[in-house]
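Down below is the structure, laid out as structure tokens.
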Amino acid sequence: MYQFNEEEYRKRMEWYVDARFGMFLHWGLYAIPARGEWMRSFEKVTDEEYQKYFNEFNPVDYDPKKWARMAKEAGMKYMVLTAKHHDGFCLFDSQYTDFKATNTKCGRDLIREYVDAVRGEGLKVGLYYSLIDWHHEDYPHFSDGAHPMYQNPVYKDDDRNWDRYLEYMHNQVRELCTNYGKIDVLWFDYSFGEYSGEKWGATKLVNMVRSLQPGVIIDNRLEVSGAGLGSLASGHPLPYHGDFVSPEQIIPQEGIRDVNGKPLIWEACFTMNDSWGYRMTDKLFKPAPMLIKKLVECVSKGGNMLLNVGPDARGNFPPQSVAILKEIGEWMQKNGDSIYGCGMSSMPRPDFGRITQKGNLLYYHIFDNTIGPIPLIGIEKHEVKKIRMVSTGAEVPVANNWVSNNYPDITFADLGNDPILPDPVDTVIEVELTCKK
């Protein structure tokens, strides 16, 4: 019977909870039609119709070193790239399919170049692998509601062999775990209805993965979708439990806890605009100040943020994504100490922003200036060792004037009389306590 090893689990998760910020990358053939990674499903595109994109695929500007450099400069610590998405096209040189990048005009193993580039920048390597496959002949066409040929009488499931598909899928995961050195994150996607857990041969699959990559971190989507928590939250983890919960396109309201109230490790993944894969007409990009605050929100609730970029068919990041990453990176360069290694605080959330905490260091993220000094609710004056501006190291004194002295039970930080915050997006002060609260 499976026994969950808490000590081993916490050890392999150490770097991950310290990192807090990563880059998701959705990229494949669907970048050519530029209507998103689900276009085959939404538009009921047949294999024969989709083949033209395979024949054309040749990302002449693909430079994963440039990708990794932009991720690092944005303050990200790990990257996760779609080695195979739902359409079944593989960016890696799999021996189990012809539907792969090495058989296109490109003629290269794009995953090999990616993992080498990511490691070269000192980042952790993550690979995404779709459990479903719209291209494979043995994957259900007629009965899977997401398949492009769903309910199409020409594509019945009568002669499709599920066990043969599972063998194919397991073999490809073995390749990813064997041929590319150390993999830090394996991001499966996705389970739904009866297609979850042991339907995927999940215990066998995870045992194989862990034997080949003992320290790898796995998401929870072998057993749930982005809306589920998984068995780690139940207090009785199954052998294929995920190492983290993966809410999608939303940040949990109060973090995530198990049935006993214990905080769980989680990662919110969401798009930079409104699409995962490149969509030419999608200009709904979230501004960098918003994304900075959302990163802070995730960390203040004990979670990570995995922010997506959808490169175009030539292999370039959209210019809006480049500009946003640069702006986030400028903030992170000055304020990264308030993100890395931090988590939720024992202090109540202030009206003016949020708090992240690392040991006896409290980071007050000030989104809105206050009238008068900054109240540090729950902290006694004698507990404050020092207060510093994170971006400059400048001393911030404890307020001692007639305004603050009218509230002797509250400790205040004095930012001075300027009503404009030093950083209008998020001004961060570090409050060092004499001991952890």
**Full-extension gain in nm, residue 11 to residue 437, via 0.36 nm per residue minus C-alpha separation** = 151.0 nm
**Prompt:** ³J(HN,Hα) across the stretch 119-133 via Karplus (A = 6.51, B = -1.76, C = 1.60, θ = phi - 60°), whole Hz, x for Gly/Pro?
**Reply:** 4, x, 8, x, 9, 7, 9, x, 10, 9, 9, 7, 6, 8, 7
**Request:** Could you calculate, for the stretch 1-41, the ratio of the Cα radius of gyration to the Kirkwood radius, expressed as Rg to Rh?
**Result:** 1.31
**Message:** Report the gain in length on full extension from residue 286 to residue 63: 0.36 nm times residue separation, minus Cα-Cα distance, nm rounded to one decimal.
**Reply:** 77.8 nm
**Fill in**
Rounded to the angstrom and largest first, Cα extents along the principal axes for the stretch 321-379 equal 40, 29, 15
**Item:** Å² of accessible area per residue within the stretch 14-149, as computed with a 1.4 Å probe and no ligands counted
**Value:** 34 Å²
**Prompt:** Excluding ligands and nucleic acids, what accessible area in Å² is computed for residue 339 using a 1.4 Å probe, to the nearest 10?
**Reply:** 0 Å²
**Sites residue 48 and residue 417 - FRET efficiency at Förster radius 56 Å, r taken between beta-carbons, to 0.05** = 0.20
**Request:** Kindly sort 267, 383, 6 by accessible area of their heavy atoms, largest first, with the probe set to 1.4 Å.
**Result:** 6, 383, 267
**Potential extension, residue 158-residue 1 segment - 0.36 nm per residue separation minus Cα distance** = 52.9 nm
**Complete:** One would report the antiparallel percent of DSSP beta bridges in the chain, rounded to the nearest 5, as 45 percent
**Asked** P(r) of the chain in 20 Å steps, Cα pairs, percent per bin?
**Response** 25, 52, 20, 3, 0
**Cross-link reach list, aspartates and glutamates versus residue 100, counting only Cα pairs under 12 Å and skipping chain neighbours closer than eight places** = 87, 109
**Request:** Pick out, in residue order, every one of the trypsin sites (Lys or Arg not before Pro) in the stretch 178-233 that is DSSP loop and has at most 13 other C-beta atoms within 10 Å; say none if there are none.
**Result:** 182
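Arrange the residues 73, 327 by how much accessible surface each exposes, largest first, with a 1.4 angstrom probe.
Largest accessible area first, the list is 73, 327.
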**Fill in**
Given all pairs of distinct Cα atoms, the stretch 109-208 yields a Kirkwood Rh in Å of 15.2 Å
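With a 1.4 Å probe and all protein chains in place, put 108, 20, 69, 349 in order of accessible area, largest first.
349, 69, 108, 20
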**Label-to-label distance, nm, for residues given as residue 103 and residue 352 (7 Å Cα→Cβ offset)** = 6.1 nm
**Area projected by the alpha carbon convex hull of the stretch 18-141, averaged over all directions, nm²** = 8.1 nm²
**Complete:** re the stretch 247-329: pairs of Cα atoms spaced beyond 16 Å account for a percent value of 54 percent
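I need the calculated FRET efficiency for the pair residue 199 and residue 406, taking r as the beta carbon distance and R₀ as 45 Å, to the nearest 0.05.
0.10
The values are calculated or read from the model by the stated rules, or taken from the named source; none is laboratory data. Given the structure is predicted, the values throughout are model-derived calculations rather than measurements. For neighbour counting, all protein chains shown are included, and Cβ atoms are generated from backbone atoms with ideal geometry for every residue, glycine included. These area figures cover heavy atoms from the full protein model, side chains too; ligands, DNA and RNA do not enter into them. Shrake-Rupley method; radii C 1.70, N 1.55, O 1.52, S 1.80 Å.
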